[in-house]
Amino acid sequence: MSRTKLFALQALVAAVALLIWHVGSTVPIGGTYLLPKFFFSTPGDVIARIWKLFAGGQIWKHLSITLTETVLAFLIGSVGGVLFGFWFARKPIVAAVFDPYVKMANALPRVVLAPIFMLWLGLGIWSKVALGVTLVFFIVFFNVYQGVKEVSSVVLANARLMGMNERQLFRHVYWPSALSWMFSSLHTSVGFALVGAVVGEYLGSAAGLGYLIHEAEGVFDVTGVFAGMVILAAFVLFIDWLVTLIENRLLVWRPQPASHA
């Protein structure tokens, strides 16, 4: 499928969803609104609110704070996940010893951790970053760990027969094997980094997109809540696009899937 056709289909899905939302919230069917405005607002009102937020300039401060928290959580969690994923995959004894503790840490509810991080790190950005790191780290860690473990034993044997040392094996065998797994996890991690930042802001902060949504929710401003959600969605798509650009740059060796009309 060509990119143009794919984009057209994606745009069509968005248009149909907006049309259903608009009709359901503005056109009574049998005397009843399927999507009452009080609970769902309308697409026009949400777009107008987003325009007002950006035109008035008040959104930029909140957006920059959430962006900073998201990027820091994403970078710290990803780097930590990659390093520990490689270490555990290359050291089976270390992995066996720490396996139950890693699983226990991953199973901890993040909502429970948020107040603890706020107690330790305060209401500034670092408590939100810490919460985001706990979400990103384990996603990247498990994917990198699995990617290194999935290296073909035949490829490893051939590489060693060719005289490769551990450093060369890392560069030419382990690292390429883990890259595909790593970037697969990074696409998911982008959303989770943002979730960590926004949840932290929602639970306790004086700025950020999570704070704006919480503030709007507190006064039953459904339009404000939906406007914040739409901005968050666009935010995630933008960061994911950047990750895709980097992925395509680093994985140039990867065979491209055949396109179908």
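The values are calculated or read from the model by the stated rules, or taken from the named source; none is laboratory data. Keep in mind it's a predicted model, so treat the numbers as computed, not measured. Every residue, glycine as well, gets a Cβ built from its backbone with ideal geometry; the counts of neighbours run over all protein chains shown. Please note that ligands, DNA and RNA were not included when accessible areas were found on the heavy atoms of the full protein model with its side chains. Shrake-Rupley method; radii C 1.70, N 1.55, O 1.52, S 1.80 Å.
Can you pull out every residue in the range 1-59 that is aromatic (Phe, Trp, Tyr) and free of Cβ contacts under 8 Å to residues at least 24 places away in the same chain?
Once the filter is applied, which keeps residues that are aromatic (Phe, Trp, Tyr) and free of Cβ contacts under 8 Å to residues at least 24 places away in the same chain, the range 1-59 yields Phe7, Trp21, Tyr33, Trp51, Phe54.
Inside the range 187-232, can you point out the residues that are touching a Phe, Trp or Tyr at 6+ places or on another chain (Cβ under 8 Å), over 24 Å from Phe40 (Cβ atoms) and either open to solvent by 20 Å² or more (accessible area, probe 1.4 Å) or aliphatic (A, V, I, L, M) (or both)?
Val190, Ala193, Ser205
Among the residues of the range 116-133, which ones are crowded, with 20+ Cβ neighbours inside 10 Å and either among the polar types (S, T, N, Q) or on the phi > 0 side of the Ramachandran plot (or both)?
Selection gives Ser127 alone.
Check Phe220 against each of (1) modelled with pLDDT of 80 or more; (2) assigned to a helix (DSSP H, G or I); (3) farther than 16 Å from Ser64 by Cβ and name the one condition it does not meet.
The failed condition is (2).
Sort out which residues of the range 207-227 are in contact with a His (Cβ under 8 Å, 6 or more places away or on another chain) and either over 23 Å from Ala114 (Cβ atoms) or not aromatic (Phe, Trp, Tyr) (or both), and write them in order of number.
Ala207, Gly208, Leu209, Leu212
Could you list, in sequence order, the residues of the range 131-150 that are part of a helix (DSSP H, G or I) and more than 21 Å from Trp120 (Cα to Cα)?
Restricting attention to the range 131-150, the residues satisfying the condition of being part of a helix (DSSP H, G or I) are 131-149.
Listed by number, the residues that qualify are Phe138, Ile139, Val140, Phe141, Phe142, Asn143, Val144, Tyr145, Gln146, Gly147, Val148, Lys149.
Quick check on Val151: is it farther than 19 Å from Tyr101 by Cα and either modelled with pLDDT under 75 or open to solvent by 30 Å² or more (accessible area, probe 1.4 Å) (or both)?
yes
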